[in-house]
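Single-structure report; data block below.
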Amino acid sequence: MSGSSVSNNIRKLRFHHNEMTQKDLADKVGVTRQTIVAIEKGKYSPSLELAFRIAHTFDKPLEEVFSYQPQNNGK
């Protein structure tokens, strides 16, 4: 169990960025479409470098694309 949650706004940003497809984004950042699908669904957390490449593609700061939510483990 990771004890935290990383979420993202990639799908919304793609829609507002001329309805960019997952394939278009994947090509721009150098990964497969399947990787973008997994990141959007929260099944995969990208490397820091890839996260920055995605944010740069949308001309947004990292924290507008990804958010981190630590989970309270009863402490």
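Taken one residue at a time, the phi angles of the stretch 61-71 give Karplus couplings (6.51, -1.76, 1.60, θ = phi - 60°) of x, 3, 6, 8, 9, 10, 9, 10, 10, x, 9 Hz. Gly and Pro are set to x. Spacing of the modelled spin labels on residue 49 and residue 17, each 7 Å from Cα toward Cβ, amounts to 1.9 nm.
Measuring r between the beta carbons of residue 32 and residue 63 and using R0 = 35 Å, the FRET efficiency lands at 0.85. Per residue of the chain, the DSSP helices (runs of n ≥ 4 H) give a summed -39500 (n - 2.57) that works out to -12500 deg cm²/dmol at 222 nm. Measuring max minus min along each principal axis, the C-alpha atoms of the chain give extents of 44, 22, 20 Å (largest first). All other residues whose Cβ lies under 13 angstrom from that of residue 17 are scored, Lys and Arg at +1 and Asp and Glu at -1, for a net of +1.
Where a number appears in this text, it was derived from the coordinates with a stated rule and is not lab data. Remember, it's a predicted structure, so these values are computed and weren't measured experimentally. Note that we place each Cβ from the backbone using ideal geometry, even for glycine, and neighbour counts take in every protein chain shown.
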